[in-house]
Structure formats: C-alpha cells, structure tokens
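Each remark here refers to the structure printed beneath this line.
The values are calculated or read from the model by the stated rules, or taken from the named source; none is laboratory data. Not measured: the values here are computed from a predicted model. Cβ sites come from the backbone with ideal geometry, for glycine too, and all protein chains shown count toward neighbours. Just so you know, the surface numbers come from the protein's heavy atoms only, side chains and all, with ligands and any DNA or RNA stripped out. Shrake-Rupley method; radii C 1.70, N 1.55, O 1.52, S 1.80 Å.
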Amino acid sequence: MKKFQPEETYKVSAVRSLFDLYSKEVKIELKGSLDIENKKWNIGLIVGSSGTGKTTLAKELFGEYYIRNFQYSKKSIIDDMPGSNIKEITRVFTSVGFSSPPSWLKPYSILSTGEKMRVDLARAILSEKELIVFDEFTSVVDRQVARVTSYAISKAIRKLNKKFIAISCHRDIIDWLEPDWIYDTDQKEFFFSQKKQNQKDQRSKEKYGSYQEKRVLKCGKYLE
C-alpha cells in the first residue's frame, strides 16, 4: 500500500470537491505476488494501462535494478559505454539492433529516439547487473521499431542468459518479446507464459503426427 498527501492548493481542493475526494490522503493499492524466485526465466513483462501502478510495483520489488536515466557526456556514444573491450561493446550494440558503426561515433544527443532506446538497452546490458528492469519499453518508438527491438533484445538476453523485465503499456510486444512471465496490472494477474510450451507441443505434434501419417500410408501400400 503506497500513500501520499498532495499539497492543498486551490486546484487540488477543486478536484476533491468535484469528485468527492474528501480524504486528504491518497492511497495506491497494489495486489498480487510475483512467484519468480524459484523459477527458471530470462524475460518478464509488467504490462498495463497508464496509472495502474506498473512503475511503482517495479521500483518496490526491483528498485536496485530499475534503470534510471543514464548520463551521456562524451562526444562519441561508444566512449559513454562502461568497460574497455571494444569487441564486447560493439557486439552488444549489434545484439540490440544498434548496428550502424557511423552512429557509434555520434553523441547521444543527436541520435534518433529509437537509437537512444537501443543505446540505453546496450548500456544496461554492459553494466553487468544480473537483472535489468527497463521502464517505458518501446513506448517512445513506432511499432515497427518496437517489433524489431523486441525481437533483438529477446534474442540477446537469452543468449547472454541474463534477466530482463520490460515495463510497458503496449501489449503488442508480448508476441515479439515472448516473455517467460507476465504481470498484468489491469487485471492484477500474474502468470507464466504458455506460448513456448504450446509451440513445443505443436512442433512435437507436427513431427510425430507426420511420422504416424507416413506409417499409415506405408502400411496401406503393403496391404494393397
């Protein structure tokens, strides 16, 4: 339960009067639990409409790993990256879809919105934190960029065997990011994704179904 008390200004008082908000103390209640400690996973997603407590929940549970605004001050973005292993830095750049060498030499301030997001992701990965919690994931880019970035980060995180939690109001990224678990702040529901298991079951069905079909056709041929 989070509580806060706004300053009693004229506008605040007017809103209280209009909407019967007579209590001076405003409460935000978050229900649910994330049973992820004893599970094997790489990618999680906290998704829901604006104002449903996504960021509050993430900061409460994963404050140490919550990515805040990075400071960029160098004339070339590559000099703002932690570490000195150039091959590792460029490899991570490429893995998150930031794969243009000329852009690596530009300052952060002149990059496009999509490039800035990818650079932030790369810097988070290079920080060597065991868990990365990234707020407003793909919220500031068009959906084509969101799709490409989601696929790239999903592949990179699993390959590096890191843990990544995306926070977003966009549900379209579920199919692209393929999270292992999802917490829906609209419905206050937490569940592990069944998509991967369903895909595995479908591949098995296609494989053995095809095998059985071939056996039937072969037996039929012999019977004839």
- Query: Here are some conditions: (1) at pLDDT 90 or above; (2) open to solvent by 60 Å² or more (accessible area, probe 1.4 Å). E130 meets all but one. Which one does it not meet?
  - Reply: (1)
- Got at least one residue in region 47-64 being of a type in the set (G, A, S), in contact with a strand residue (DSSP E or B) (Cβ under 9 Å, 6 or more places away or on another chain) and farther than 22 Å from I173 by Cα? yes
- Message: Looking at region 43-68 only, could you name the residues that are closer than 14 Å to S127 by Cβ, open to solvent by 30 Å² or more (accessible area, probe 1.4 Å) and in a loop (DSSP other than H, G, I, E, B)?
- Response: R68
- With respect to D120, determine if the residue is open to solvent by less than 60 Å² (accessible area, probe 1.4 Å) and farther than 25 Å from I46 by Cβ. no
- Item | Unmet criterion (only one of (1) modelled with pLDDT under 70; (2) in a loop (DSSP other than H, G, I, E, B); (3) open to solvent by less than 80 Å² (accessible area, probe 1.4 Å)) for R16 | (2)
- Matching residues, region 70-94, being touching a Leu at 6+ places or on another chain (Cβ under 8 Å) and hydroxyl-bearing (S, T, Y): S76
- Message: If I ask for residues that are under 19 Å from E37 (Cα atoms), modelled with pLDDT under 95 and open to solvent by less than 10 Å² (accessible area, probe 1.4 Å), which ones from region 151-166 would you list?
- Response: I157
- Task: Mind counting the residues in region 55-113 that are β-branched (V, I, T) and over 25 Å from K159 (Cβ atoms)?
- Result: 4
- Can you find a residue in region 105-113 that is touching a helix residue (DSSP H, G or I) at 6+ places or on another chain (Cβ under 8 Å), assigned to a loop (DSSP other than H, G, I, E, B), of a type in the set (D, E, K, R) and farther than 24 Å from G63 by Cα? yes
- Item | Residue selected from region 29-41 under the condition surrounded by fewer than 17 Cβ atoms within 10 Å (Cβ to Cβ) and either within 16 Å of the chain's Cα centre (by Cα) or farther than 21 Å from I157 by Cα (or both), by the criterion modelled with the highest pLDDT | W41
- Item | Any hit, region 130-151, residues being under 21 Å from K40 (Cα atoms) and in a helix (DSSP H, G or I) | yes
